[in-house]
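The values are calculated or read from the model by the stated rules, or taken from the named source; none is laboratory data. From a predicted model like this one, the values you see are computed outputs, not experimental measurements. Every residue, glycine among them, receives a Cβ derived from its backbone with ideal geometry; neighbour counts consider all protein chains shown.
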Amino acid sequence: MKVEVIQSLPKWQDEFDFEKQILKESLGDLVLEIYHIGSTAVPGLAAKPIIDIIIEVVSLASLDNQESVMNLLGYEARGEFGIIGRRYFVKGSFNRSHQIHAFESGDENIARHIAFRDYLKSHPAVRQQYGALKQKLASECSDDIDLYCAGKDEFVKFHESKAILWQTNT
């Protein structure tokens, strides 16, 4: 998988909005909410051009029964993929355009992702540092996604904990 980090594009919000509508129509009452997360959800933040989505669902078991629907929409199911209580889907394996992280309502991962997104939106200096770090790592990782992710890990965990506290106090 090519690891490319580019400057923020306004079209990312439109791409999310389009996909959100399709997912809501296709999955119906199973979906409680759909959120745009990750770097493409933060205007002004350099990002891999992959739309990250959280689907908050009533039941993961019910979502598992919709795998054929997800396949028709172009998504490949990857199971929990390292996070207990998640269902992970990708659209386009080597030329990925979207990633879905589905959780049951109330899962703490939903709040964690939203807090980090909102924190980056509200803290320009942190957003700039994160974007610069991602661009540096992308240029140095030789398209090794694991190396790229490992390079961001400490920064993300540090600021994610701050984001959760910040969100609690706002």
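Here are the numbers for this structure:
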{"quantity": "Enumeration of residues in segment 147-170 that are assigned to a helix (DSSP H, G or I), of a type in the set (S, T, Y) and either exposed (fewer than 13 other Cβ atoms within 10 Å of the Cβ) or out of contact with any Asp or Glu (no Cβ under 9 Å at 6 or more places or on another chain) (or both)", "calculated": "S161, T168"}
{"quantity": "Filter result for the condition that a residue is of a type outside the set (A, V, I, L, M), closer than 23 Å to L60 by Cα and modelled with pLDDT under 95, over S93, S105", "calculated": "S93"}
{"quantity": "Some residue of segment 36-53 being touching a Lys or Arg at 6+ places or on another chain (Cβ under 7 Å), part of a helix (DSSP H, G or I) and of a type outside the set (G, A, S)", "calculated": "no"}
{"quantity": "Long-range neighbours under 9 Å by Cβ, at least six apart or interchain, first residue closer than 15 Å to K24 by Cα within segment 94-115, second aromatic (F, W, Y) and buried (at least 19 other Cβ atoms within 10 Å of the Cβ)", "calculated": "I100/Y75; I100/F89; H101/F89; A102/F89"}
{"quantity": "Scope segment 59-114; condition part of a helix (DSSP H, G or I) and among the acidic types (D, E); matching residues", "calculated": "D64, E67, E108"}
{"quantity": "Contacts under 8 angstrom Cβ, first residue in segment 8-29 being closer than 17 Å to S68 by Cα, partner among the β-branched types (V, I, T) and assigned to a helix (DSSP H, G or I), 6 or more apart", "calculated": "S26/V69; L27/V69"}
{"quantity": "Test result for D118, assigned to a helix (DSSP H, G or I) and either at pLDDT 95 or above or at positive phi (or both)", "calculated": "yes"}
{"quantity": "Top-ranked residue in segment 32-90 [being under 29 Å from H123 (Cα atoms) and among the basic types (K, R); ranked as surrounded by the most Cβ atoms within 10 Å (Cβ to Cβ)]", "calculated": "K48"}
{"quantity": "Selection count, segment 1-40, where residues are under 13 Å from the mean Cα position of the chain (by Cα) and under 14 Å from K134 (Cβ atoms)", "calculated": "3"}
{"quantity": "Residue match in segment 138-146 (condition: surrounded by 13 or more Cβ atoms within 10 Å (Cβ to Cβ) and free of Cβ contacts under 8 Å to residues at least 12 places away in the same chain)", "calculated": "no"}
{"quantity": "The one condition in (1) under 25 Å from K136 (Cα atoms); (2) over 12 Å from the mean Cα position of the chain (by Cα); (3) of a type in the set (A, V, I, L, M, F, W, C) that A61 fails to fulfil", "calculated": "(1)"}
{"quantity": "Flag for E4 being of a type in the set (D, E) and in contact with a Lys or Arg (Cβ under 8 Å, 6 or more places away or on another chain)", "calculated": "yes"}
